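Engineer: First the structure, which I've put down as structure tokens, then a few questions once you've had a look.
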Amino acid sequence: MTSIALTIAGSDSGGGAGIQADLKTFQELGTFGTSALTAVTAQNTLGVHAVQPIDTSIVIAQLEAILDDFTIGAAKTGMLFSAEIIEAISDTLSRYPTFPFVIDPVMIAKGGASLLQQAAIVALKERLIPMAALLTPNIPEAEVLAEMPITSLSHMEIAAKRLLEMGAGAVLLKGGHREDTPFAEDLFVSADGERFIMKSKRIQTKDTHGTGCTFAAAITAELAKGAPMTEAVITAKHFIHAAIEDGLSIGNGHGPTNHAAYRLRGNRARKDVELIEKR
Ligand SMILES: Nc1ncnc2c1ncn2[C@@H]1O[C@H](COP(=O)(O)OP(=O)(O)O)[C@@H](O)[C@H]1O
Ligand SMILES: Cc1ncc(COP(=O)(O)OP(=O)(O)O)c(N)n1
């Protein structure tokens, strides 16, 4: 049976992040990708030049077209831009059968451009996070949502707990932005009381455009295929590690991660580059 995944996100004309990264990742992990576009960005490896949100009626129409026809195995969100778009997504999804829903609370692009209006943060917290099977903030996003600074693993623990209290089924707090460790350490906690850390070496590279989108899309693809949440996030960590390690040095800024790397390695984790630490 074909597993179908859905991304609700913005377009990155440069192809490294956003809808493009999500669809490539869905394909690489053997799922059929569908998409509802929330915004168009004129973007490349150097930054975002322009942003045009999609009219909410068109966001709703895209979701209805997909959900009226397909059985979605899992979905994710990326760039959502405005409170109006978030509310439209929440209202529309509420009218359909549920599926595992991954919220990647995208706020700011690598070059500093805003991908979420300040006024949309309340809508994100109140309307979308309670619908999430998994919330995947990076450190700056978790700092905004949990309203606290995060500079250590113990801060991550406190913030993740606060985010769980907002109603998500689980939180994967990504540690890529940590400066106090040579590791890329992500903390997973769930409302069911599960907790573990996924730890890999930090790769020295500038080619990390789209890491967050790709990671959340890989989790979504695995969930769409029916993997339990824990297995989905572990497989996705291997996927993103390979994608960063074999990152593409194209363009003049931060090159994109290599979505094909995990498949080219035979869809297997390499023990020498990845350590999963369960506590
Ligand atoms: N330099 C790196 N080396 C290895 N893994 C990394 C590196 N940077 C980020 N990661 C991993 O990539 C994933 C995305 O993380 P992060 O960079 O924190 O998110 P975002 O792209 O949303 O800012 C996480 O699993 C993180 O640990
Ligand atoms: C259209 C669009 N959506 C999301 C992002 C942010 O992507 P992310 O994976 O967090 O990667 P960086 O921007 O940090 O490289 C984006 N840039 N564009």
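Engineer: Based on the alpha-carbon gyration tensor of segment 192-233 and its eigenvalue square roots a ≥ b ≥ c, which shape applies: rounded if a/c is under 1.5, prolate if not and a/b is larger than b/c, or oblate?
Structural biologist: oblate
Engineer: Hey, with R₀ at 30 Å, roughly what FRET efficiency would A50 and L264 work out to, going by the Cβ-Cβ distance, to 0.05?
Structural biologist: 0.30
Engineer: Place a point 7 Å from the Cα of T230 along the Cα-to-Cβ direction; which residues of segment 171-200 have their backbone N under 20 Å from it?
Structural biologist: Once the point is set 7 Å along Cα→Cβ of T230, 171-174, 185-200 turn out to lie under 20 Å by backbone N, inside segment 171-200.
Engineer: Using only Cα atoms, locate the centre of segment 49-101 and the centre of segment 106-180, then give the distance between them in Å, rounded to an integer.
Structural biologist: Computed from Cα coordinates, the inter-centre distance equals 20 Å.
Engineer: Next up: Grab the beta carbon distance between I108 and I58, set R0 = 35 Å, and tell me the FRET efficiency rounded to 0.05.
Structural biologist: Rounded to the nearest 0.05, the efficiency is 0.90.
Engineer: Related question: Within the accessible area of segment 127-228, what % is carbon and sulfur when the probe is 1.4 Å and the other protein chains stay in place?
Structural biologist: Solvent-exposed carbon and sulfur of segment 127-228 make up 54 percent of the total.
Engineer: For V122, V233, what's the largest-to-smallest order of accessible area, 1.4 Å probe?
Structural biologist: V122, V233
Engineer: If exposed GluC sites (Glu not before Pro) are those in a DSSP loop with at most 15 other Cβ within 10 Å, what is the longest stretch of the chain that has none?
Structural biologist: Within the chain, the longest run free of exposed GluC sites (Glu not before Pro) spans 1-146.
Engineer: Counting Lys +1, Arg +1, Asp -1, Glu -1, what net charge surrounds K225 among other residues with beta carbon under 13 Å of its beta carbon?
Structural biologist: It works out to a net charge of -3.
Engineer: Which residue fluctuates the most in the chain, going by a Gaussian network model with Cα springs under 10 Å, if the choices are Q20, Q43, Q118?
Structural biologist: Of Q20, Q43, Q118, the most mobile in the Gaussian network model is Q118.
Engineer: Taking a cut-off of 19 Å between Cα atoms, list the lysines near K225, but don't count ones fewer than 8 places away on the same chain.
Structural biologist: K24, K76, K237
Engineer: By how many nm would the segment from F32 to R95 lengthen if fully extended, with 0.36 nm per residue of separation less the alpha-carbon distance?
Structural biologist: This chain segment gains 20.4 nm when fully extended.
Engineer: Can you work out the accessible area per residue across the chain, with the rest of the protein chains kept in place, probe 1.4 Å, in square angstrom?
Structural biologist: Heavy-atom SASA per residue in the chain reads 42 Å².
Engineer: Would you list which aspartates and glutamates come within 15 Å of K201, measuring only between C-alpha atoms, while excluding same-chain residues fewer than 8 positions from it?
Structural biologist: E179, D180, E185, D186, E245, D246, D272, E274, E277
Engineer: Now for a different question. For a quick protection proxy, order the peptides 46-55, 4-13 by their average other-Cβ count within 10 Å, most packed first.
Structural biologist: 4-13, 46-55
The values are calculated or read from the model by the stated rules, or taken from the named source; none is laboratory data. Note that the structure is predicted; figures quoted are calculated from it, not measured. Here Cβ is always computed from backbone atoms with ideal geometry, including for glycine, and neighbour counts include all displayed protein chains. Remember, those area values only see protein heavy atoms, side chains included, never the ligands or the DNA or RNA. Shrake-Rupley method; radii C 1.70, N 1.55, O 1.52, S 1.80 Å.
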